[in-house]
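Q: Please find one structure pasted underneath; my questions will follow.
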Amino acid sequence: MSLPTMRSPQHRLLPLTLLIMLEKEAVENEVFAKKDEGMREGRDQIVPPPGLPQKRTTRQEAIVAAMKHAWKGYKTYAWGHDHLKPISRTRNDWLRLGLTLIDALDTLWIMDLKEEFSEAREWVSTQLHFNLNQDVNLFETTIRVLGGLLSTYHLTKEQVFLDKAVDLGDRLIAGFNSGSGVPFADVNLYSRRASKPKWGPDSSTSEVTTIQLEFRDLSRITGNPIYEEKVNFVSEHIHKLPKTEGLVPIFINAQTGQWRSHSTITLGARGDSYYEYLLKQWIQTGRTKDYLRDDFNESVSGMEHLLAARTEPSNLLFFGELHGGSKNFVNKMDELTCYLPGTLALGVHYGMPKHHMTLAEQLMYTCTLTWLRQPTNLAPEITYFNTQPTGTNEDFFVKNNDAHYLLRPETIESLWYMYHLTGNKTYQDWGWQMFQGIETYCRVENGYTSIGNVRSTVDTKPKDKMESFFLGETLKYLYLLFMEDQSTFSIDKWVFNSEAHPLPIYSH
Ligand code: DMJ
């Protein structure tokens, strides 16, 4: 039994599609249950930390096995480096900060992988130093490293994680030394000098607006207001800038603090988490900063009015982009945009307009199809949508250069929010299907690899790279998606940063 493909006629019939998916999944469940029986034999008795469920579900066991496999490859061939190259059995460095190890810390803790967590903690305590003559991207270092250290500190209360976070925060704060207070893209961790990105004059909007949860949390823990003051200023400054019905251009100049004119408006790359952090900052601060909520709501209205469109023939909802100074609508959507159903659902939970949930459900379905209509069950980086009838009778298509899957989490992240908030097990079943795709086409002997082509089961073009967010986000959200007791990581207590690191919600 196979899933409907982009060419199959039954893809118009949603209930049938779902039925087929569920049948396929039942068969796969049986296979996994058998494998799992084998895995369980001889496994150590694990005593979970307080607050975590006593027993993992069968699907959770499969995710834990994936995490262990990824960790083993990383430990063997890339220990202390940023990324594993699992096929060539070597490593890749980008920020020189042990990215995979730090991104994985809280996932290891949440999965109760004690041995792996303890070797990672040992490395953090003895080997992680920030006194490096290295330019790092402020946003990436903040969401992955600062966020990872802070959430691990909150979960474990171990001082070492906070000490490292403070040292890093004190270096990164140099990024805000610009003409406007809007940060530069890069910071040198040793000289503490900030600079524009190597490839252009401006900072990316999503980057300067997706550091606030982490810097604020650092201030709240340490009692030192400086970090929070810096990021509050950026949010307030951007609040005052002109927007297109709440939507923002993707580039901003750090010296002038002004938008780059004619830059693209998108909910994908370089725009995405601006919208996510409007809502999440409002939640983190106990729903006291109303301008953040209002900007979020205005942006969703703008999305509906200017970016929402429907496909032919199946009337699927997607959000396109505005290019050339808001003039040209482009019918493409990044996989990155698929964080949005989760964020919309989170907003509705916190009192945003009820119809945002309809948008969330419909976009969730479209995002899911971008995975499950591919023969690999994996989504391409970018999908183009047909808004007019075509000879092919397909709702969407993929260009050659966009056919890669980088082990990204966004759709799975949204599935977790949708399941967490509705209890509808269909979202779990969809996530399970996606995980089968990852297991079948990305798992290699020494870890997991990104692939270059999701459109073929035989020519997947492995790229030989395991991204840190695969351990930090993708596997964590899968584990949470299949957790029986959803109250353990309640969104009433935790706000997840853009890299899936949970941080506490404060009262103000
Ligand atoms: C992650 O680093 C974060 O989720 C970021 O906000 C967007 N891109 C990657 C994962 O795809």
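Just so you know, all these numbers are worked out from the coordinates, no wet-lab data involved. Worth saying up front: this structure is predicted, and the values here are computed from it rather than measured. Backbone-built Cβ (ideal geometry, glycine too); neighbour counts: all protein chains shown.
Q: Using the alpha carbon gyration tensor of segment 124-181, what are the three equivalent-ellipsoid semi-axes (square root of 5 times each eigenvalue), largest first, in whole Å? Before the final figure, lay out the partial values.
A: Details: eigenvalues 96, 34, 18 Å².
In descending order, the three semi-axes are 22, 13, 9 Å.
Q: For ARG373, enumerate residues with amide H under 5 Å from its amide H, sequence gap 5+ or separate chain, H modeled in the peptide plane.
A: none
Q: Which ³J(HN,Hα) values, rounded to whole Hz and listed in residue order, are derived for segment 327-344 from phi using the Karplus coefficients 6.51, -1.76 and 1.60 in 6.51 cos²θ - 1.76 cosθ + 1.60 with θ = phi - 60°, glycine and proline given as x?
A: Taking θ as phi minus 60°, the curve returns 8, 9, 7, 10, 8, 10, 9, 7, 4, 3, 5, 6, 6, 5, x, x, 5, 4 Hz for segment 327-344.
Q: Which whole-Hz ³J(HN,Hα) couplings does segment 381-398 yield from phi under the Karplus relation 6.51 cos²θ - 1.76 cosθ + 1.60, θ = phi - 60°, glycine and proline marked x?
A: Per residue, the Karplus-derived 3J(HN,Hα) values read 5, 9, 10, 9, 10, 8, 9, 10, x, 10, x, 7, 6, 10, 6, 8, 8, 10 Hz.
Q: In vacuo Debye scattering of the chain, one point per C-alpha: log10 I(q)/I(0) at q = 0.06, 0.08, 0.09 Å⁻¹?
A: For the chain at q = 0.06, 0.08, 0.09 Å⁻¹, log10 I(q)/I(0) is -0.25, -0.46, -0.60.
Q: Once you charge only the Cβ atoms, +1 for Lys and Arg and -1 for Asp and Glu, what is the size of the charge dipole of segment 317-440 about its Cα centre, to the nearest 20 debye?
A: 240
Q: Let me ask something else about it. State, as an integer percentage, the relative contact order of segment 364-508 based on alpha-carbon contacts under 8 Å between residues 6 or more apart. Show your work: numbers first, answer last.
A: Values: 205 pairs, mean separation 34.0, N = 145.
Computed over segment 364-508, the figure is 23 percent.
Q: For n ≥ 4 DSSP H runs only, could you compute -39500 (n - 2.57) per run for the chain, divide by its residues and tell me the 222 nm figure to the nearest 500? Write out the running numbers ahead of the final one.
A: Numbers: 16 runs with 218 residues, N = 508.
So the calculated ellipticity at 222 nm is -14000 deg cm²/dmol.
Q: Calculate I(q)/I(0) for segment 279-369 by the Debye formula, one identical point scatterer on each C-alpha and no solvent, and give its log10 at q = 0.10, 0.11, 0.16, 0.24 Å⁻¹ to two decimals.
A: The computed values of log10 I(q)/I(0) come out as -0.28, -0.33, -0.68, -1.26.
Q: Right, something else. Residue-wise, which Karplus ³J(HN,Hα) couplings in Hz belong to segment 435-448, taking 6.51 cos²θ - 1.76 cosθ + 1.60, θ = phi - 60°, and x for glycine or proline?
A: So the Karplus estimates, Gly and Pro as x, are 4, 4, x, 4, 4, 7, 10, 10, 6, 10, 4, 10, x, 10 Hz.
Q: Follow-up. Given VAL64, ASN315, THR210, which one lies farthest toward the positive end of the charge dipole of the chain, if we put +1 on the Cβ of every Lys and Arg and -1 on the Cβ of every Asp and Glu?
A: THR210
Q: Of the listed peptides 423-429, 70-76, 174-180, what is their order by residue-averaged count of other C-beta atoms within 10 Å, with the highest listed first? All intermediate terms of the calculation are to be shown ahead of the outcome.
A: Details: 423-429: 16.1, 70-76: 20.7, 174-180: 19.0.
Descending packing order for the listed peptides: 70-76, 174-180, 423-429.
Q: Using every Cα-Cα pair within segment 91-221, state what percent have a distance larger than 28 Å.
A: Details: 1280 of 8515 pairs.
That tail contains 15 percent of the Cα-Cα pairs.
Q: Give the residue list of trypsin sites (Lys or Arg not before Pro) in segment 278-337 that are DSSP loop and have at most 16 other beta-carbon atoms within 10 angstrom. Can you show the working numbers first?
A: Details: sites: LYS280, ARG287, LYS289, ARG293, ARG310, LYS327, LYS332; in loops: ARG287, LYS289, LYS327.
In loop regions of segment 278-337 (DSSP not H, G, I, E or B), the sparsely surrounded trypsin sites (Lys or Arg not before Pro) are ARG287, LYS327.
Q: Under the Cβ-under-4.7 Å rule, which cysteines of the chain stay unpaired?
A: If one checks each Cβ against the other cysteines of the chain, CYS442 turn up with nothing under 4.7 Å.
Q: Express the Stokes-Einstein translational diffusion coefficient of segment 349-508 in µm² s⁻¹, to the nearest whole number, given a Kirkwood radius over alpha-carbon pairs, 25 °C and a viscosity of 0.890 mPa s. Write out the running numbers ahead of the final one.
A: Numbers: Rh = 16.9 Å.
Answer from the Stokes-Einstein relation: 145 µm²/s.
Q: Divide, for segment 179-223, the radius of gyration over alpha carbons by 2.2 N^0.38 Å, where N is the residue count.
A: On the way: Rg = 12.3 Å, N = 45, 2.2 N^0.38 = 9.3 Å.
That works out to 1.31 for segment 179-223.
Q: Okay, next question. Classify segment 192-322: rounded, prolate or oblate, from the alpha-carbon gyration tensor (a ≥ b ≥ c, eigenvalue square roots; a/c under 1.5 rounded; otherwise prolate if a/b is larger than b/c)? Walk me through the numbers before you get to the answer.
A: Working: a/c = 2.23, a/b = 1.42, b/c = 1.57.
Oblate, because a/c is 1.5 or more while a/b does not exceed b/c.
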